[in-house]
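The block underneath contains the structure these notes are about, expressed in structure tokens.
The values are calculated or read from the model by the stated rules, or taken from the named source; none is laboratory data. Keep in mind it's a predicted model, so treat the numbers as computed, not measured. Positions of Cβ are backbone-derived with ideal geometry, glycine not excepted, and every protein chain shown enters the neighbour counts. SASA here: full protein model, heavy atoms, side chains in, ligands and nucleic acids out. Shrake-Rupley method; radii C 1.70, N 1.55, O 1.52, S 1.80 Å.
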Amino acid sequence: MKKLILGILVLTMITACKKESNVTENSDQTQNDSIVTPESNEVSAAVIPFKEIELTPEQTSKILGKQDNDTLYVTNFFATWCGPCMREMPHFKEKIQETKSQPVKFTFVSLDEKDVWGTKVKAFAEENSLSKHIVLVDAMKLNPEFFHQNFKQWDGGSIPFTFMRKGDKTDETVGMMSAEMLDSKIKSFQ
């Protein structure tokens, strides 16, 4: 029965894609480990080849955890098949450009199925100059405990989902963000 419920939860997470936005702020999650992903926020006109960087749920938890620096970490969970995810992506690309000289790091976690990582995700990353910012997670490996340990609000039931962290301060947004909303949230961390 537990496997059935877990399977339904994961399937729901993968297929759900809502447009609404809900926000929660918290400041009590801490983790000191980190994963090294490219630090540059630079989006260039040249096509940067996409390199498949697959993270385990444990590695993903580490990049979401508290870091001992003044950097704002913006982590967006998306999929190439998700309409709202694709509609908000230009806002993130603008912010990457605007904040390239600031301590802001963007990471996009693709929840696409593994069989399209080398095709659809690769094409999306290269066409949008986001190759340096995208990591891959096998959504089938994410269980309810992963969501419970890392987030106050998100249960994996829908995407896009954006998690921001700077030190102890965090912000969660379930659903698509407008350019104004993204700008406001980033400014709230300064």
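Are any of the pairs K66/K141; K66/K152; K62/K105; K62/K141; K66/K114 more than 18 Å apart by Cα-Cα distance, and if so, which?
Flagged as over cut-off: K66/K141; K66/K114.
Leaving out ligands and nucleic acids, note down the accessible area per residue over segment 146-187 with a 1.4 angstrom probe, in whole Å².
On a per-residue basis, 33 Å².
Rounded if a/c is under 1.5, else prolate if a/b is larger than b/c, else oblate: which is segment 87-190, with a ≥ b ≥ c the root eigenvalues of its Cα gyration tensor?
Oblate is the answer for segment 87-190, as a/c is 1.5 or above yet b/c matches or exceeds a/b.
Can you send over the carbon and sulfur percentage of the accessible area for segment 67-190, probe radius 1.4 Å, protein chains only?
So the carbon and sulfur contribution to the accessible surface is 49 percent.
Restricting to segment 72-190, what percent of DSSP beta bridges are antiparallel, rounded to 5?
Here the antiparallel bridges make up roughly 50 percent for segment 72-190.
Which order, highest average first, do 175-182, 128-135 follow once you tally other Cβ atoms within 10 Å for each residue and take the mean per peptide?
Peptide ranking by packing, descending: 128-135, 175-182.
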